[in-house]
1. Once the piece of chain linking Thr112 and Arg78 is laid out straight, how much longer is it, given 0.36 nm per residue of separation minus the C-alpha distance between them?
2. Could you work out how far apart the two model spin labels at Leu9 and Lys148 are, taking each label as a point 7 Å from the Cα in the direction of the beta carbon, and quote it in nm?
3. Give me the net charge for the shell around Lys18: Cβ to Cβ below 15 angstrom, other residues only, Lys and Arg +1, Asp and Glu -1.
Amino acid sequence: MSLTRSLTLAEQRAQSTKEFIDALMLTVVSDDVILCEVVAGGPIAWRNACAKEWPLMAFNTDICNKMFHCFSTQVIQRFGANLGPGIVTADGAPTQIASAVLDKMEPETPPTEAEINAAWEIDSASSYEAKKQLYGDDGPEGYLEKLKQGAEPHQLKH
């Protein structure tokens with residue numbers, strides 16, 4: 001005879017909702033960019049995002065507001081005093097702090113063609129004879145240089 005009882009369907013749903021909210025909050029607060037984007041968007045945008053992205057979860061306005069309050073508190077604690085000179089926020093509002101932090105961040109951009117070409121390098125532990133057989137008399141550096149100049153691999157003599 002088991003002393004533990006099975007959870008009812010409502011209890012199971014409540015437990016899974018709590019676990020989902022915990023995971024969601026951890027995801028948001030673990031990434032400064034995501035955290036600042038959420039807070040900069042404001043509480044209405046957060047509630048709308050919750051309703052749109054997770055319509056089957058039991059998110060109500062109160063839960064969303066409490067999550068947003070937690071995110072806002074994190075922004076103030078992490079960035080409120082670290083904005084640097086020249087950045088003034090009215091009353092230290094978390095949405096303004098988050099926006100200021102996002103404005104200071106450099107966006108990630110894909111590498112340019114010049115950066116890609118400059119990054120070409122040969123890393124090989126092969127013997128000299130094997131490199132010569134594979135890349136020709138000029139070695140891997142010469143082979144690479146010919147490729148950079150526009151030669152097709154099938155045109156190069158091995």
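All of the numbers you see were taken from the coordinates with simple rules; none came from a lab. As the structure is a prediction and not an experimental result, all values here were calculated from the model. Backbone-built Cβ (ideal geometry, glycine too); neighbour counts: all protein chains shown.
1. 8.9 nm is the gain from fully extending Thr112 to Arg78.
2. Going by the 7 Å Cα→Cβ label model, 6.8 nm.
3. Numbers: positive: Arg13, Lys66; negative: Glu11, Glu19, Asp22, Asp62.
Cβ neighbours under 15 Å give a net charge of -2.
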